[in-house]
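First comes the structure, then the notes that go with it.
The values are calculated or read from the model by the stated rules, or taken from the named source; none is laboratory data. Everything numeric here is computed off the predicted structure, so don't read it as measured data. All Cβ positions, glycine included, derive from the backbone under ideal geometry; neighbour counts span all protein chains shown. Just the protein is used for accessible areas: all its heavy atoms, side chains included, with ligands, DNA and RNA removed. Shrake-Rupley method; radii C 1.70, N 1.55, O 1.52, S 1.80 Å.
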Amino acid sequence: MYYKCNVLPSKPLALETCLNLGNKLSAGSGLQIMRTHRLGAFTFYSRSHQGDECGSDGLPLTPNSVKIVGRFHAIKDGLQHPGLCRYLDIVRCKDEQLIVVSELTKRSLLDCLAELTLAQRVQILCEVADSVAYLHSRSIVCARISASCIFLEMLTDSEEASDTISENAYRAKLFNYAMYYLTGCGEEVDFPVHRLDCAAPEVLLDSAVAFANFATADEAKSTQNSKSTRQKPNPECPRLDCSNVDSRMDSFGLGLLALHLLVGVPPLPAALPDSDEALATVAMLIRCGCTGDCLLDSLLAVDSDFTNAFKSFDWAAVDQELGIGLGGTLDMIRSCLSGWPSHRPFVSDLVSAKFEAPLAAKLEQLRSRSSSELGGFQPRVDIRCRRRFGQFRPEKSSVSNGDAAALGKQLDADDDVDIGPSEKRLITRGELASLRSVEEFYHWWTLAGGDPVQPIRQAGLVQRHRPITQLPCYLGGSAGLILYLEQPKPHLLHEFVVALNDRELRDRVRKLNPLVFFPVPRQPESVSATSAAATAATSSAPGRHGAYADTSSQPKAVKERDVAYQIERCVLFHQLLLCCPYARPLLLAESAKDIPPLYRALTWAHLLGVSGDVRSRYGALDTVTPRESRRISDKQLASDIPRCHQYNPLMASPHGHAKLRKLIKAWVLRRPSCAYYQGVDSVAAVFLHLNFSDEPLALACLERFIDKYQANFFANDNNKEVTQEYFAVFQQLLAFHCPTLAVYLEQIGLFPDHYAFPWFLTMFAHHFSLPSVVHIWDALLLGNSSFPLFVGLAILLQLKRRLGLMEHDFNEAVHDILPQVANVNLELCLSDATRMYRDTPHSCSYRKFDGSDLELCGQQFPIDTLDIEALQRCRAPRISQEEFLTIAGHLDAKVSCIARSRLSIIDIRPAGEYGRGCLPNSIHLPAETVLSNQCDLARLSDPVVQANVKVLIYRLEEEAISVANHLVMRGVTRVCLLQGGVEGLRSTGLLALPSN
């Protein structure tokens, strides 16, 4: 028994003003109340290539199963309609077997067809037509409109609904509606995709039927107008390289479904392909396809159960129920069952109100029903929810902040609670997971040990052949004849669905604190983006989140596999994303701990500051026309894309190649000052992998990411000063944190441009796999544009500690040590990178070609730009005057503040100048004595001083550079120069006479 209630508004708002970031959270996949989410799985086999088959490029052909996986993920999140069972996952197994997991409702149409009233049957027909019209608007032909592929979702909370179908208590939902699209119009499987009881004549007349270039009813003024104009295809819609198919094959299936629903007897049998009855049906369909006659006339000419039921049926009652003229229903069915596609109406013609379609009035009536008429109830949330479009609306709450504790006590006491107006409706602790979307439910189900392969195997649907039976049984002959044993072919398609058991997940949920599902975010203004540690300590308080304290300190790989922890994080991030931008500081603080994989794509978009109408911007770009220019070359893309993350099934699929090509071309078109270079493909692949069904959002994130972290890297003029400055700053930061390693690498001639170029050109997406890259970028997006430099430093330091980088010469380091970058401990690297990032003054990582402002605590610290030669000549970075004074205290702070700061002041001026005025508590090391090795550097080895940032105060810049280089050679850490030297401090009033 099912219950549905939209906590969030499901009607989409306008796209013109702001970013559409919340739609994924609310429209279609929003919070739903169901008594139990049901998951189902079915399996089929794709066509296998022969071992010696190769493509035109000489490479082995892409397995058909990989192609199907790519198409599946292209539509998995993009199809959101209440009349469709959501696709959730696809698993690729051995022998080209594929297992598809989908949402499943409790009752099928065939099981309860006899119980339905006439009004209910008309309602189902209208809802199915509306769902098919939606699929056509997304460029997908169903080709399987049959009563066996329709399920009923119960929308009432009455206990009797599980046994009795009551009027207006259900919704018809199509199941497995994209099989035709997934299998490449049936070209990539060895079984017929179409069902015999709903196959159109043209399907049987043309075995090479294909998919693209069809129109919908919105594009046609009339079904009789053969010259109707057709709008341009939606650039966001998935496309196949097929032709010769008309979407009106679904009109034929809809006509057969209407006869089955209304008359109660199937017009065509679902018989076995080799039976006499099936052969007679095929002959009848082919005859209609050749002559163009209506199939209904041929059906009525045969004496059958359907003919008798049809003649005794009251069609006038159907006309009255639909609100159309007498005989209108039969006319609609006859037009749908025409043998020629050109004589059939488009499905969207039948549901479009603008054409006064026969099903339009009934559909409008169904859409206008309120949730109370559906028998639902509405738990509400006491926050202001931000939709993806930036519009806000308050939501009432039946679970307020004050009642949250009472709710938990009640659940602890009797294990169920009333959260709706109906006295009969109680939700148990085990059903709390069903408060969430079906996508969240399936994600948690997999974390709780759910595996769709095991139930399929237990049902006997996984067939394996012993390897010895696949060996040739005879080799010989002058021609090298090889004979193989005859292999039994498995059942290529299993029509029945295996229900997946979710008992383990419900048992795990029952042990959680129920308040986990009702988070109450604190006021965003009271949370700072830099207070992640304090937030983590508060969130892990015992009694509020059950397993939070035990898991929050574990590595990310462990946390992402912990179902209890992920439930808490998913619920919290769902709430925070809806509250953005008001909750942005809190979102930053929570993201500093970790980001749940389910909401990583939307969280990244918020962290990058994506805004505007991303869909309109993407749709206005021409990413289809081939281009051969200095900025972009399709020939170069065709060479680079097949080598980019091809271990991943999505990126290896033809659909992934096409999407990545479109994404890169769209980025080049959006950035006239940039050109495509190798490295852009690796960066774009990360965003495409996260937003595989949302290319506009992937493009928006790619633009913001490159503008922030790789500014001027891919400029048209290919300015080498950009990378030279980047590597010079990297070398200075390496000397700042690990001078011994920096000096050693310089001595053996190993400079950053020898090993770090692919690191920063791809932001580590070239050396690491996609699962590792997303963890790196989780931390990357929380820092400024200099954070990648510290990730590179952390990698070098780990190679030094674990693999002894300083014990190898140039050749050994290049060929043996540095290629092992992918084997470093990422958790430790990111921890070290974050520590170094926080301990380094921000102005020390300043770059002229950065393109972004340097900020710390809301204040800007300008610093004079230096040319490349000046940067390369000095081994120590520079700190700006403003940041130096800010770290020391404040611009108007007392002198005593400097002693309590994390700075160590080293004054290298001569004794005479030092005696006339210096900073209090500064260390006097004259430059002459340092360069001549006559001074004792033991004072700098003090643990307190060693951990501090050592700022050189000087008068002559060249002298200061020499002293800084000498200190780095002596292994002194955290040495930097004060921008402007002592001259910039004279106006501050901080200089005083030395105390001794």
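Quick notes on this structure:
- Filter result for GLU721 (closer than 23 Å to GLN678 by Cα, of a type in the set (Asp, Glu) and either touching a Phe, Trp or Tyr at 6+ places or on another chain (Cβ under 8 Å) or outside the structural domain of HIS689 (by the TED database) (or both)): yes
- Residues in the range 705-723 that are in a helix (DSSP H, G or I) and either farther than 30 Å from LEU602 by Cα or in contact with a Pro (Cβ under 7 Å, 6 or more places away or on another chain) (or both): TYR709, LYS720, GLU721, VAL722, THR723.
- Among residues of the range 582-592, those that are buried (at least 23 other Cβ atoms within 10 Å of the Cβ) and assigned to a loop (DSSP other than H, G, I, E, B), counted: 1
- Verdict on LEU702 being open to solvent by 10 Å² or more (accessible area, probe 1.4 Å), part of a helix (DSSP H, G or I) and more than 29 Å from GLU96 (Cα to Cα): no
- Test: LEU262 is of a type in the set (A, V, I, L, M, F, W, C) and either at pLDDT 85 or above or within 28 Å of the chain's Cα centre (by Cα) (or both): yes
- Verdict on TYR442 being at pLDDT below 60, hydroxyl-bearing (Ser, Thr, Tyr), touching a Leu at 6+ places or on another chain (Cβ under 6 Å) and outside the structural domain of ALA583 (by the TED database): no
- In the set VAL968, VAL951, only one residue is closer than 23 Å to ALA742 by Cβ, out of contact with any Lys or Arg (no Cβ under 9 Å at 6 or more places or on another chain), crowded, with 18+ Cβ neighbours inside 10 Å and not polar (S, T, N, Q); that residue is VAL951.
- Applying the condition of being open to solvent by 10 Å² or more (accessible area, probe 1.4 Å) and in contact with a helix residue (DSSP H, G or I) (Cβ under 9 Å, 6 or more places away or on another chain) to the range 569-581 and asking which residue is nearest to ARG506 (Cα to Cα) yields LEU572.
- Counting only helices (runs of 4 or more DSSP H) wholly contained in the range 724-825, the ones carrying 2 or more residues that are open to solvent by less than 10 Å² (accessible area, probe 1.4 Å) occupy 739-747, 757-761, 770-780, 787-803.
- Residues that are without any contact (Cβ under 8 Å) to a residue 60 or more places away in the chain and assigned to a loop (DSSP other than H, G, I, E, B) within the range 971-996 comprise GLY989, ASN996, listed in sequence order.
- Scanning the range 624-652 for residues that are of a type in the set (D, E, K, R) and assigned to a helix (DSSP H, G or I) turns up ASP634, LYS635, ASP640, ARG643.
- LYS635 among the basic types (Lys, Arg) and closer than 30 Å to TRP444 by Cα: no
- Hey, ALA658 surrounded by fewer than 22 Cβ atoms within 10 Å (Cβ to Cβ), modelled with pLDDT of 90 or more and either outside any loop (DSSP other than H, G, I, E, B) or charged (D, E, K, R) (or both) or not: yes
- Failed item, numbered, when ILE595 is tested on (1) open to solvent by 30 Å² or more (accessible area, probe 1.4 Å); (2) part of a loop (DSSP other than H, G, I, E, B); (3) of a type outside the set (Ser, Thr, Tyr): (1)
- Residue list for the range 555-567, restricted to those being in contact (Cβ under 8 Å) with a residue 24 or more places away in the chain and over 19 Å from the mean Cα position of the chain (by Cα): PRO555, ASP562, VAL563, ALA564
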